[in-house]
Amino acid sequence: MVLYLKCRGYGIGLDLPTTPETAASRLATLREGLDQNTPVKIDGASSPVTHLDPYIQHADLENEADLQMLNTLAERINGMTQEEQRLFSGVLELECTGSLDDAVRMVNGLDRYEIFPKIKTDEDLGRFLVDTSFVTGKFSFPEETRPYLDYAKIGAEQRDVLGGIYTPHGLVRRREAAPVQSETPRSMLLTLTTSEQSYPLVLPASEEQLAHAKQTLGIEEFAQAGIASVEYTAPYLDQLISADGITVEDANEMALCLQRLKTDGEIMKYCAALEVEEPSTFAGAIDIAMDADDYELVSDNEHEYGREALRRIGADDELLDTIDGYTDFDRLGRAMMEEDGVRQTGFGLVRRLSKPFSEPEIGQTMG
């Protein structure tokens, strides 16, 4: 494995693993004629494992602990089979925390992950799930129905449940027994660009990480860099959130908001709110994320919605059971949905608690 180092427009390579003395010598060569405190950045690596750059770019070669972790990565990668290299590449992309500590932890824990070489699309995943009944009790389809199944839709619906990603070498996912990562996961990934280089910024980021990004790009303010792309960990957000007016600072705020939406249900509620509110700017999407508690996904069961409406004004279950035979709860539910401004979205029925959505359209979807 070779690190590419850059300083004031000049570059040099550093073979890993290496010693502190050799690293210091290469840095001194690169800084020749310059102040010896001139910052040197890691500009990438030559390695059979992809997606390493976000993890190693923050490393300090003059820090003994960082150099040791880089050496550990190089030693482990050098001893891998091709299949293990492909798995590790997928794991780095799957977790994408941008932390050198995490990269070392993952390279020493590859047994916590698995790769399915033949699954590279939603359709591949759908066929696998149906053929193997991988999800217990959910994909037991009679043989005669197989030619008519929408395998791509089955795969798309289960992809996030399984917690995997598609790579050029197959689906990579955590094994069922793998513990949930204790570190704060990333919510977003921005690709920042200047006229000379690009930089992948994992969000949310600390003040130190933001400062390092500026230093690496050679800028004083993020406004001096362009945002080439925006990626979200959660699905659908790239289709629902406008990038109009986006800044790095706002994106970091958004990433923090997304972290607070910890469950799939909370993310789906946010997606539903975005679909109805249709914010035209990135700042508008942040406002909705910050007010996520003002929205609620509701059941499409009109009968239950009618009962719940009465619960909200003080009725208990005993009273509801008593009047059940004398009350048209379905009709009441429809009326209350309209009054509450419940709206149909691709993520379920949603209502706003502070005040109803304007022009409710639930009647069009419940008939």
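The values are calculated or read from the model by the stated rules, or taken from the named source; none is laboratory data. Bear in mind the structure is a predicted one, so any value in this text is a computation, not a measurement. Every residue, glycine as well, gets a Cβ built from its backbone with ideal geometry; the counts of neighbours run over all protein chains shown.
The table for this structure:
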read-out: Filter result (in contact with a helix residue (DSSP H, G or I) (Cβ under 7 Å, 6 or more places away or on another chain), more than 16 Å from Ser99 (Cα to Cα) and surrounded by fewer than 18 Cβ atoms within 10 Å (Cβ to Cβ)) within the range 37-61; value: Pro39, Pro48
read-out: Filter pass, Ile246 being among the hydrophobic types (A, V, I, L, M, F, W, C), touching a residue at least 24 places away in the same chain (Cβ under 8 Å) and over 25 Å from Phe222 (Cβ atoms); value: no
read-out: Selection status of Leu14, assigned to a loop (DSSP other than H, G, I, E, B), among the hydrophobic types (A, V, I, L, M, F, W, C) and not assigned by TED's automatic domain parsing to the domain that holds Ala213; value: no
read-out: Subset tally (residues that are within 14 Å of Arg173 (Cβ to Cβ) and within 18 Å of the chain's Cα centre (by Cα)) for the range 97-121; value: 2
read-out: Residues located in the range 218-255, provided they are over 15 Å from Leu189 (Cβ atoms), at pLDDT below 95, polar (S, T, N, Q) and part of a loop (DSSP other than H, G, I, E, B); value: Ser242
read-out: Selection count, the range 20-42, where residues are in contact with a Ser or Thr (Cβ under 9 Å, 6 or more places away or on another chain) and either touching a residue at least 40 places away in the same chain (Cβ under 8 Å) or part of a loop (DSSP other than H, G, I, E, B) (or both); value: 3
read-out: Residues that are without any contact (Cβ under 8 Å) to a residue 60 or more places away in the chain, touching a helix residue (DSSP H, G or I) at 6+ places or on another chain (Cβ under 6 Å) and part of a helix (DSSP H, G or I), drawn from the range 258-276; value: Tyr270, Leu274
read-out: Selection count, the range 47-73, where residues are part of a loop (DSSP other than H, G, I, E, B), of a type in the set (A, V, I, L, M) and within 25 Å of the chain's Cα centre (by Cα); value: 3
read-out: Residue match in the range 334-347 (condition: at pLDDT below 70 and either closer than 30 Å to Leu274 by Cβ or out of contact with any Cys (no Cβ under 6 Å at 6 or more places or on another chain) (or both)); value: no
